[in-house]
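Colleague: One structure, pasted below without further comment.
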Amino acid sequence: MKNAIGVEIPEYIEGLGKLEPFQGVWKSIIEDEVPSTNISRTLKAKKPHVSKLCKNLEEAIKRCKPFDGMTVTCHHHLRGGDGVLMQAIKILDEMGIKDITLASSSLTSAHDGLVPYVEKGMITRIFTSGIRGALGDAISVGKLKYPAIIHSHGGRVRDFLTGRIKPDLSVLAASAADEEGNATGAHGPSAFGSMGYADIDARYSRNVIIVTDNLVEYPCVPCTVRQHFIDYVVKVDSIGDATKIASGTTRITNSPMDLRIARIAATVIEHSGLFKNGMSFQVGAGGASLAVAKFLREDMKRKNIIGSFMIGGVTSYGVDMLNEGLFHSIFDVQSFDAAVSTSVLNNPNHIEISCDQYANPNNCGSMTNKLDVVVLGALEVDVDFNVNVITGSSGEIRGASGGHSDTASGANLTVVVCPAFRGRLPIVKDRVHTVVTPGESVDVIVTERGVCVNPAKPNLAAKLKEAGVQVVDIRDLKEEVEKMTGVPAEKQLGDQIVGLVEYRDGTIIDVIYNVKNLS
Amino acid sequence: MTPKFKAQAGTFESSDIMILIEPLEKDSGRKVDISSTVILQFEEDIKKTINQVLDRLQVKDLHLIAKDKGALTQTIEARVETAVKRSLGIQEGTM
């Protein structure tokens, strides 16, 4: 069956069940009652003053009675420094547990070590918002038994609530925790800031283990994750590589190209009609995307604009803008550097939120629906304004859906920033290799060679032209770029489905086939 | 024309190409080795561009090593031409 953007979606996939085709950004969310499988936690009363502390992670996992075919979840707040997920998988493997569904909120370069477990069938299913590195390559050539499901951050919460993901065991790292499992990421030697993704696992998983390198006096204050959800607590020497978990501050790029794109994007925002007091704003942490904050900051000061809130993944740059009074508050689901943890801890206007409140499409109050402006990156865009943030130039899985489609759908103005070509590869295509965010929810694409406005927003295009912004037809831009770069050879793909991209409402928006050649 | 000296042009920066040339004995022919970050997408284009420049400069015997980081055609042409001219001793330049 074909979905709303013309992709052929299988009706059923062995090991994953029935699939629903994507019908459009809001159709299924607005029209369909979403059956929630009324998650009931196993009631496991403990007598007073019985300790939850286990002598090591192995003992804690054993006490949770792992079984073949179970679903194991983790969070990715430790980013590339995570040392907990690999430990948990190793222990489960040594216990002989197999056919595991891994549902980590994202997977990073710290998880290349999962490849052997995938190859031998110990892990057979993966639900996640991002896959990179060697694991991405292994899945792309077809080594995972069932196709990996790529969901958005908001979609993950939905998947928990509908029972698409049924977490049996959650192993959650914290930078500080007490003996009952009250836990935070806001302080401690491995502080990583918000625990917004982990909050969901703690609430909805059948067994929850808190792992910390910093066991503090009861009670741990502040605590994001609360003790009445926690089964066991483990003190370990290390939860990972602290230098990769959170270090220093995030710098604005020096790349002239990224700065130029960002300057244009800030001008687009200024003349969009939304640049006024009370504006809410989200920006990504990568190159050109974060650089937009630099120019917006200057523009806001120049025009005396005070925004309302910033949201999402938060960098120290956002914290600086909060401290300067340019925004009233920050709602933080994920922190990107060490300076942010301090702000989460000390600034009452820097508020930690769960991913549910951030982006779940099916609750009645996700904050992405209150966004005015979001600036997002892209690996590829196409003439229909679709955005790919998951597959690379060979068609391999090497990115993350993250909050891309969540914020794009909610924001009044969705700005995608990307160069027109990257190292000879044209970025503007007839059709992106994999659609993560549908063009229906993208308003403007900003490149160094001009700004493309979605034809569905003629008023916006008129406003920008009037302000002197170089507005170009996206098809003309595509041709101009291909004249310079040449047309790349077709990708060498097989016919095995290795990944499914789940839109935030749980429908399937695109299918990823195996690649034959990796560059 | 036949290259006399080892020569190079270009850098290892993104969007550039490094061209290295080694002289070969007369009638050894052309040996062209290409590595590229976009080899899957543009292998044939890169080969064609390099050979066109060599044809235009009438260079027959040489070993050319290209290490490409996604250079555009014009960049490839310029780097190959410069490297060839340096190897012929008809263009000054930093090595």
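Colleague: Consider only pairs whose beta carbons are under 6 Å apart and that are at least six residues apart or on different chains; among these, list those whose first residue lies in segment A:283-308 and is farther than 22 Å from A:Val416 by Cβ and of a type in the set (S, T, N, Q) and whose second residue is at pLDDT 95 or above and part of a strand (DSSP E or B).
Modeller: From residues that are farther than 22 Å from A:Val416 by Cβ and of a type in the set (S, T, N, Q), the pairs are A:Ser308/A:His328.
Colleague: Does segment A:357-377 include one or more residues that are under 26 Å from A:Asn517 (Cβ atoms), away from chain B (no Cβ under 14 Å) and either touching a helix residue (DSSP H, G or I) at 6+ places or on another chain (Cβ under 7 Å) or crowded, with 21+ Cβ neighbours inside 10 Å (or both)?
Modeller: Within segment A:357-377, one or more residues are under 26 Å from A:Asn517 (Cβ atoms), away from chain B (no Cβ under 14 Å) and either touching a helix residue (DSSP H, G or I) at 6+ places or on another chain (Cβ under 7 Å) or crowded, with 21+ Cβ neighbours inside 10 Å (or both).
Colleague: Then there is this: Test A:Leu161 against the criterion of being part of a loop (DSSP other than H, G, I, E, B), touching a helix residue (DSSP H, G or I) at 6+ places or on another chain (Cβ under 8 Å) and not basic (Lys, Arg), and give yes or no.
Modeller: Against the criterion (part of a loop (DSSP other than H, G, I, E, B), touching a helix residue (DSSP H, G or I) at 6+ places or on another chain (Cβ under 8 Å) and not basic (Lys, Arg)), A:Leu161 does not qualify.
Colleague: I'm trying to understand the selection: among the residues of segment B:19-47, which are within 14 Å of chain A (Cβ to nearest Cβ) and either loosely packed, with under 13 Cβ neighbours inside 10 Å or not in a loop (DSSP other than H, G, I, E, B) (or both)?
Modeller: Result: B:Ile34, B:Ser35, B:Ser36, B:Ile39, B:Leu40, B:Gln41, B:Phe42, B:Glu43, B:Glu44, B:Asp45, B:Ile46, B:Lys47.
Colleague: Do you know which residues across segment A:318-338 are of a type in the set (Ser, Thr, Tyr) and surrounded by 24 or more Cβ atoms within 10 Å (Cβ to Cβ)?
Modeller: Within segment A:318-338, A:Ser335 is the sole residue that qualifies.
Colleague: Then there is this: Which residues, counting only those in segment B:50-63, are in contact with a Leu (Cβ under 7 Å, 6 or more places away or on another chain) and either crowded, with 23+ Cβ neighbours inside 10 Å or not charged (D, E, K, R) (or both)?
Modeller: Residues satisfying the conditions are B:Ile50, B:Leu62, B:His63.
Colleague: Can you pull out the residues in segment A:52-67 that are closer than 17 Å to A:Phe229 by Cβ and part of a loop (DSSP other than H, G, I, E, B)?
Modeller: A:Lys52, A:Cys64
Colleague: When A:Val417 is evaluated against the numbered criteria (1) surrounded by 24 or more Cβ atoms within 10 Å (Cβ to Cβ); (2) under 19 Å from A:Tyr503 (Cα atoms); (3) of a type in the set (A, V, I, L, M, F, W, C), which criterion, by number, is the only one it fails?
Modeller: Here A:Val417 meets the rest and fails (2).
Colleague: Another question about this same structure. From the residues in segment A:465-519 that are under 31 Å from the mean Cα position of the chain (by Cα) and among the basic types (Lys, Arg), which one is surrounded by the most Cβ atoms within 10 Å (Cβ to Cβ)?
Modeller: Out of the qualifying residues, it is A:Arg504.
Colleague: Also, quick follow-up: Given the criteria within 14 Å of chain A (Cβ to nearest Cβ) and on the phi > 0 side of the Ramachandran plot, does B:Gly89 qualify?
Modeller: no
One line per residue, one yes/no per condition, for (1) touching a helix residue (DSSP H, G or I) at 6+ places or on another chain (Cβ under 9 Å); (2) within 22 Å of A:Ser409 (Cβ to Cβ); (3) modelled with pLDDT under 95:
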residue	(1), (2), (3)
A:Gly423	no, no, yes
A:Pro426	yes, no, no
A:His433	no, yes, no
A:Pro438	yes, yes, no
A:Thr447	yes, no, no
A:Ala456	yes, yes, no
A:Val469	yes, no, no
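Colleague: Enumerate the pairs (first residue in segment A:45-60 and over 17 Å from A:Arg206 (Cβ atoms); second residue anywhere and assigned to a loop (DSSP other than H, G, I, E, B)) with beta-carbon separation below 8 Å, excluding pairs fewer than 6 apart on the same chain, so at least 6 apart or on different chains.
Modeller: A:Ser51/A:Glu179; A:Leu53/A:Glu179; A:Asn56/A:Val236; A:Leu57/A:Val236
Colleague: Suppose the filter is out of contact with any strand residue (DSSP E or B) (no Cβ under 8 Å at 6 or more places or on another chain), surrounded by 16 or more Cβ atoms within 10 Å (Cβ to Cβ) and at pLDDT 95 or above; does A:Arg297 pass it?
Modeller: Answer is yes for this residue.
Colleague: Restricting the search to segment A:387-420, which residues are under 24 Å from A:Ile269 (Cβ atoms) and within 14 Å of chain B (Cβ to nearest Cβ)?
Modeller: A:Pro419, A:Ala420
Colleague: In the list A:Ser255, A:Ser289, which residue meets the criterion of being buried (at least 18 other Cβ atoms within 10 Å of the Cβ), of a type outside the set (A, V, I, L, M) and either at pLDDT 95 or above or more than 30 Å from A:Leu169 (Cβ to Cβ) (or both)?
Modeller: A:Ser289
Colleague: Kindly indicate whether A:Leu460 is more than 14 Å from every other protein chain (Cβ to nearest Cβ), in a helix (DSSP H, G or I) and under 30 Å from B:Asp45 (Cα atoms).
Modeller: No.
Colleague: OK, next. Tell me which residues, restricted to segment A:465-506, are in a loop (DSSP other than H, G, I, E, B), among the β-branched types (Val, Ile, Thr) and away from chain B (no Cβ under 14 Å).
Modeller: A:Val469, A:Val472
Colleague: Hey, another quick one. Please work out which residue is surrounded by the most Cβ atoms within 10 Å (Cβ to Cβ), limiting yourself to segment A:195-220 and to residues that are in a loop (DSSP other than H, G, I, E, B) and under 27 Å from the mean Cα position of the chain (by Cα).
Modeller: The residue in question is A:Met195.
Colleague: So, one more: Looking at segment A:130-141 only, could you name the residues that are within 16 Å of the chain's Cα centre (by Cα) and either buried (at least 24 other Cβ atoms within 10 Å of the Cβ) or in a loop (DSSP other than H, G, I, E, B) (or both)?
Modeller: Selection gives A:Ile131, A:Arg132, A:Gly136.
Colleague: I'm told A:Met86 meets every condition in (1) in a strand (DSSP E or B); (2) out of contact with any Cys (no Cβ under 8 Å at 6 or more places or on another chain); (3) not hydroxyl-bearing (Ser, Thr, Tyr) except one. Can you identify the failing condition by its number?
Modeller: So A:Met86 meets the others, but not (1).
Colleague: Moving to a separate point now. Taking A:Thr434 as the residue in question, decide whether it is of a type in the set (Ser, Thr, Tyr) and not in a loop (DSSP other than H, G, I, E, B).
Modeller: The answer is no for A:Thr434.
Colleague: OK, next. Being closer than 23 Å to A:Met95 by Cα, under 21 Å from the mean Cα position of the chain (by Cα) and crowded, with 24+ Cβ neighbours inside 10 Å is true for just one of A:Leu114, A:Leu144. Which residue is that?
Modeller: When all the criteria are applied, what remains is A:Leu114.
Colleague: What number of residues in segment A:277-299 are farther than 20 Å from A:Thr407 by Cβ and either outside the structural domain of A:Asp337 (by the TED database) or of a type outside the set (Asp, Glu) (or both)?
Modeller: The qualifying residues number 1.
Colleague: Does segment A:260-281 contain any residue that is under 20 Å from the mean Cα position of the chain (by Cα) and buried (at least 20 other Cβ atoms within 10 Å of the Cβ)?
Modeller: Yes.
Colleague: Do the conditions hold for B:Phe5, that is, is it part of a loop (DSSP other than H, G, I, E, B), within 14 Å of chain A (Cβ to nearest Cβ) and of a type in the set (Phe, Trp, Tyr)?
Modeller: no
Colleague: I need the full set of residues from segment B:48-74 which are in a loop (DSSP other than H, G, I, E, B) and within 14 Å of chain A (Cβ to nearest Cβ), in order please.
Modeller: Matches in segment B:48-74: B:Lys69, B:Gly70, B:Ala71, B:Leu72.
Colleague: Can I ask one more? Tell me which residues, restricted to segment A:89-115, are small (Gly, Ala, Ser) and assigned to a strand (DSSP E or B).
Modeller: Those that are small (Gly, Ala, Ser) and assigned to a strand (DSSP E or B): A:Ala103, A:Ser104.
The values are calculated or read from the model by the stated rules, or taken from the named source; none is laboratory data. Keep in mind that this is a model prediction, so the values were computed, not measured. With ideal geometry, Cβ positions are generated from the backbone for all residues, glycine too; neighbour counts draw on all protein chains shown.
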